[in-house]
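One structure is given below, encoded as structure tokens.
Values quoted throughout were computed directly from the atomic coordinates according to the rules given, and no laboratory measurement underlies them. Values in this document were obtained by computation on a predicted structure and should not be read as measured data. Don't worry about glycine lacking a Cβ; one is built from the backbone with ideal geometry, like all the others, and counts go over all protein chains shown.
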Amino acid sequence: MPDMQAYDLIVSTIERIAREAGEVALGHFRSIADLPVERKGHLDLVTKADREVEDFVIDGLRRAFPNDGVYGEERGELVGTSGRIWVIDPIDGTFNFVRGGQNWAISIGLYEQSRPALGVIFAPVRQLMLVGGNGVPTTLNGKPMAAVPALNLSQASMGIGMHPSVSTKDRIEVVRYISDELRISFRCCGSATLSLIEVAMGETDGYVSLGDSTWDVMAALPILQNLGVSHTIDWDRIDLEAKLRFACGTDSFLDKVRPLLDRVKEAA
């Protein structure tokens, strides 16, 4: 870990890259009607904007930190020598993006010593900049964020995310468990990053995912950790190409949803 002065410079550099990348993305977003869209799988859309934003972020990171590796959703891994890897999702919530919705964001996370260490998230349409991680207090638009509130089941809510590849059986079990056993409300906003922002802002109490990728969560998890949010991912058994089945929230939330995760574990 660099000294604090050097780390402050790293954080400000990543914030700048994320904000400038947001302007690149907004240029496409404003002309959404003419944006070419390709399909790489059911409801898994790649756009020219995805690739241009990722290339912009990679170029900025390689210039600022030439010895670091980069792992991107579209371009894969660029190997570095420092042992640090920047994991990026150029537009998390691509389906929302191409439909003209607000719930999409640029996510840049630092993967260090096999753990998420630092996150910067910028949601350009909503003008939300979240930053936080090891030794970096979590802030929203430069202002400190409070710890997430305690779980109150009488008014609880949670986010869910399920990749298109998830079986119908598992999808039904998620909804059944939340509705019948937890008896709390749930929402699916179409972006893991925005779902995790909702947890950070106290709009939901937690999040359950079946099938998110590491780039979907690498920035958000260290941001949330400072706010009293834990998760169930075992990073010692996960590589960067893995699909994740996990929950995050306060310890009391995780206690409630662990039985669900046991029921929808991936086949060995």
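Looking across the stretch 140-198, the residues that are surrounded by fewer than 19 Cβ atoms within 10 Å (Cβ to Cβ), of a type in the set (A, V, I, L, M, F, W, C) and more than 23 Å from residue 130 (Cβ to Cβ) come down to 153, 166, 172, 175, 182. Among the numbered criteria (1) of a type in the set (A, V, I, L, M); (2) in a helix (DSSP H, G or I); (3) touching a Phe, Trp or Tyr at 6+ places or on another chain (Cβ under 8 Å), which one does residue 197 miss? Condition not satisfied by residue 197: (3).
Hey, among 202, 211, 228, which residue is of a type in the set (Gly, Ala, Ser) and part of a strand (DSSP E or B)? It would help to see each step written out before you state the result.
Values: 202 fails: part of a strand (DSSP E or B); 228 fails: part of a strand (DSSP E or B).
Of 202, 211, 228, the one residue that is of a type in the set (Gly, Ala, Ser) and part of a strand (DSSP E or B) is 211.
Within the stretch 134-145, can one find any residue that is in a strand (DSSP E or B), among the hydrophobic types (A, V, I, L, M, F, W, C) and within 23 Å of residue 20 (Cβ to Cβ)? Yes, there is a match, as at least one residue in the stretch 134-145 is in a strand (DSSP E or B), among the hydrophobic types (A, V, I, L, M, F, W, C) and within 23 Å of residue 20 (Cβ to Cβ).
Here are some residues: 229, 208, 257, 264. Which one is buried (at least 22 other Cβ atoms within 10 Å of the Cβ) and over 28 Å from residue 85 (Cα atoms)? Lay out the reasoning, then the answer.
On the way: 229 fails: over 28 Å from residue 85 (Cα atoms); 208 fails: over 28 Å from residue 85 (Cα atoms); 264 fails: buried (at least 22 other Cβ atoms within 10 Å of the Cβ).
Unique residue meeting the criteria: 257.
Of all residues in the stretch 46-71, those that are closer than 11 Å to residue 94 by Cβ have Cβ atoms under 7 Å from Cβ atoms of residues that are surrounded by fewer than 22 Cβ atoms within 10 Å (Cβ to Cβ) and among the aliphatic types (A, V, I, L, M), 6 or more apart or on another chain, in 47/35; 47/37; 47/98; 49/35; 53/24. For the criterion of being under 25 Å from residue 77 (Cα atoms) and assigned to a helix (DSSP H, G or I), residue 221 passes. Any residue at all in the stretch 171-186 that's under 21 Å from residue 239 (Cα atoms) and either outside any loop (DSSP other than H, G, I, E, B) or not polar (S, T, N, Q) (or both)? Checked the stretch 171-186: no residue is under 21 Å from residue 239 (Cα atoms) and either outside any loop (DSSP other than H, G, I, E, B) or not polar (S, T, N, Q) (or both).
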